[in-house]
1. Among the residues of the stretch 1-10 satisfying the criterion of being in contact with a Leu (Cβ under 7 Å, 6 or more places away or on another chain) and assigned to a helix (DSSP H, G or I), which is least open to solvent (accessible area, probe 1.4 Å)?
2. Could you look through the stretch 45-70, keep only residues that are hydrophobic (A, V, I, L, M, F, W, C) and open to solvent by 60 Å² or more (accessible area, probe 1.4 Å), and pick out the one that is farthest from the chain's Cα centre (by Cα)?
3. Find the residue count for the stretch 43-85, including only residues that are in contact with a Lys or Arg (Cβ under 8 Å, 6 or more places away or on another chain) and either of a type in the set (Phe, Trp, Tyr) or not in a helix (DSSP H, G or I) (or both).
4. Restricting to the stretch 17-41, name every residue that is open to solvent by 70 Å² or more (accessible area, probe 1.4 Å) and touching a residue at least 24 places away in the same chain (Cβ under 8 Å).
5. Restricting attention to the stretch 71-88, and to residues there that are open to solvent by 40 Å² or more (accessible area, probe 1.4 Å) and among the hydrophobic types (A, V, I, L, M, F, W, C), which single residue is modelled with the lowest pLDDT?
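The values are calculated or read from the model by the stated rules, or taken from the named source; none is laboratory data. It should be emphasised that the depicted structure is a prediction, and the values quoted were computed from it without experimental measurement. Glycine gets a Cβ as well: all are built from the backbone with ideal geometry, and neighbour counts include every protein chain shown. The protein model used for the area step is the full one, side chains on, heavy atoms only, and it has no ligands, DNA or RNA in it. Shrake-Rupley method; radii C 1.70, N 1.55, O 1.52, S 1.80 Å.
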Amino acid sequence: MDAKLKALRLRIKKCDEIIENRDKQTIERQRISVASLARELDQLRGSIQETKFSQGESEEQAETWSEEIEQDLRLADDCANKLQKSTL
């Protein structure tokens, strides 16, 4: 999960730079990459939360654990939206 988070954060950081280049293929490839990583992370987060619940952790504990990931997923959504809008 850590490697995927690092890869997602790197792609998010490059979002504005890629939009500035105005190459539609690069923008679309970046959008697909960000969306794909975000989907994978969201699925992993859900699986880990289920494991935490099965180990007796509370909903609050699982939510606290996933707060940072949720922030990254929101940033990924924002980045993907910006990329998509820039190709219109």
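1. 8
2. 53
3. Counting residues in the stretch 43-85 that are in contact with a Lys or Arg (Cβ under 8 Å, 6 or more places away or on another chain) and either of a type in the set (Phe, Trp, Tyr) or not in a helix (DSSP H, G or I) (or both) gives 1.
4. 22, 24
5. The residue in question is 88.
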